[in-house]
Amino acid sequence: MIFAANFKTNHTRSSTRAYMEQLAQTLASKRPEDRVLVFPPATALDRYDGDVTIGAQNAYPVHKGAVTGEIGLEQLEEFGIKTILIGHSERRELLGESQETVAKKFAFFKENGFEIVYCIGEPLEVREAGDDAVKTYLFAEFEGIDLSYEKLIVAYEPIWAIGTGRSAESEEIAATHGLLRTKLSCPLLYGGSVKPANISEIAAIGNVDGVLVGSAALDVESFSEMILK
Ligand code: 13P
C-alpha cells in the first residue's frame, strides 16, 4: 500500500518538522512493502529522516526564471525532491489549471524524471449524471498525459468526497478503479475523506493500491494509525 499525505495549505515549517519527527517513529515499524509519501506546503520542503518520500504539491514547469510566486526545478532540487502532485482538483478548480496546463506540467516533470502522482476526479453533478458521464469526464483528464510513464501513480479523488467527511461508497470506488484499471497498469490511489475509521475497508477494495489523505493526515497520530492498521 501507498499512504500519501497531502497537507494542502496547512502546517508551517516548524510544525512540519515536529510532525516528521513523530512520523519517523511510525515509519520505523511500518510494513516494509508499504510506502509513505508526504506533500507539505512549499515553505516546508526539506530533507527529513526516515523511510518517507517528500513531494511537492505543485511547481511551475521551469528550471528557474521569471515566474513570480512560483517555484521551479531549482527550488525542488535543493532538497532532492523528485516527486510531485499534478492535476489536483483544487488547482484545476480554484487556480483555473486547464487540462492543457496540467499536461504541460506533466510533460516537463516527466522529462525531468519525477515520480508523478497524477490526480483526477469528477464533480458531483457528473457523478449524478451516471457512469457514462463519469467515464467521459475522467478519461478527458488523461488528455495529453503519458499513461505508460513508468514513474506514474494515479490518484482518483471524487471532488464531492474531498474534505466533506463523506467518502465514496466501496462499490463506487471498486467500479471506478476497475474502469481506470482498463487504461492503467500503474498504482491507483483513492482519495476523499479517507480516515482511520474507513482505511481498512478502502484498502481492501480491488485495484486500490493506496490512499491520498488530506484532513485526516494533518494529525500525525491519525496518519500513523492508518499506516499501522
Ligand atoms: P480529504 O482527505 O480532506 O478529503 O482530502 C483529500 C485530498 O484532496 C487529498 O489530496
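The values are calculated or read from the model by the stated rules, or taken from the named source; none is laboratory data. Given the structure is predicted, the values throughout are model-derived calculations rather than measurements. For neighbour counting, all protein chains shown are included, and Cβ atoms are generated from backbone atoms with ideal geometry for every residue, glycine included. Note: accessible area is taken over every heavy atom of the protein model, side chains too, but ligands, DNA and RNA are not part of it. Shrake-Rupley method; radii C 1.70, N 1.55, O 1.52, S 1.80 Å.
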The stretch 202-229 - residue that is among the hydroxyl-bearing types (S, T, Y) and surrounded by fewer than 21 Cβ atoms within 10 Å (Cβ to Cβ) and, of those, nearest to the chain's Cα centre (by Cα): S215
Candidates A133, A103, A129 - the one that is under 24 Å from L73 (Cα atoms) and away from the ligand (no atom under 16 Å from the Cβ): A103
Residues of the stretch 30-52 that turn out to be without any contact (Cβ under 8 Å) to a residue 40 or more places away in the chain and touching a Phe, Trp or Tyr at 6+ places or on another chain (Cβ under 7 Å), as a count: 5
Looking only at the stretch 156-171, and only at residues there that are over 22 Å from V102 (Cα atoms) and open to solvent by less than 40 Å² (accessible area, probe 1.4 Å), the one that is nearest to the ligand (Cβ to nearest atom): S167
Residue under evaluation G192, criteria (1) modelled with pLDDT of 95 or more; (2) on the phi > 0 side of the Ramachandran plot; (3) surrounded by fewer than 18 Cβ atoms within 10 Å (Cβ to Cβ); (4) within 12 Å of the ligand (Cβ to nearest atom), criterion not met: (3)
Complete set of residues in the stretch 107-126 that are touching a strand residue (DSSP E or B) at 6+ places or on another chain (Cβ under 7 Å), farther than 15 Å from G72 by Cβ and open to solvent by less than 20 Å² (accessible area, probe 1.4 Å): I116, V117, Y118, C119, I120, G121
Residues (free of Cβ contacts under 8 Å to residues at least 40 places away in the same chain, assigned to a helix (DSSP H, G or I) and of a type in the set (V, I, T)) located in the stretch 176-204: I199, I202
Residue identified as more than 25 Å from G55 (Cα to Cα), surrounded by fewer than 16 Cβ atoms within 10 Å (Cβ to Cβ) and β-branched (V, I, T) among T176, T136: T136
Cross-chain or 6+ apart pairs with Cβ under 9 Å, the stretch 129-144 first and in contact (Cβ under 8 Å) with a residue 24 or more places away in the chain and within 16 Å of C119 (Cα to Cα), then of a type in the set (F, W, Y) and not in a helix (DSSP H, G or I): L138/Y156; E141/Y118; F142/Y118
Counted residues, the stretch 1-19 - those being of a type outside the set (V, I, T), within 21 Å of I199 (Cα to Cα) and surrounded by fewer than 22 Cβ atoms within 10 Å (Cβ to Cβ): 3
Breaking point among (1) surrounded by 19 or more Cβ atoms within 10 Å (Cβ to Cβ); (2) more than 14 Å from the ligand (Cβ to nearest atom), for I153: (2)
Evaluation of L184 against (1) closer than 18 Å to D209 by Cβ; (2) open to solvent by 20 Å² or more (accessible area, probe 1.4 Å); (3) more than 16 Å from the ligand (Cβ to nearest atom) (one fails), failing number: (2)
Set A197, A174: member being more than 16 Å from the ligand (Cβ to nearest atom) and over 21 Å from I116 (Cα atoms): A174
When residues of the stretch 70-100 are limited to those that are assigned to a helix (DSSP H, G or I) and either β-branched (V, I, T) or over 30 Å from S167 (Cα atoms) (or both), the one nearest to the ligand (Cβ to nearest atom): L76
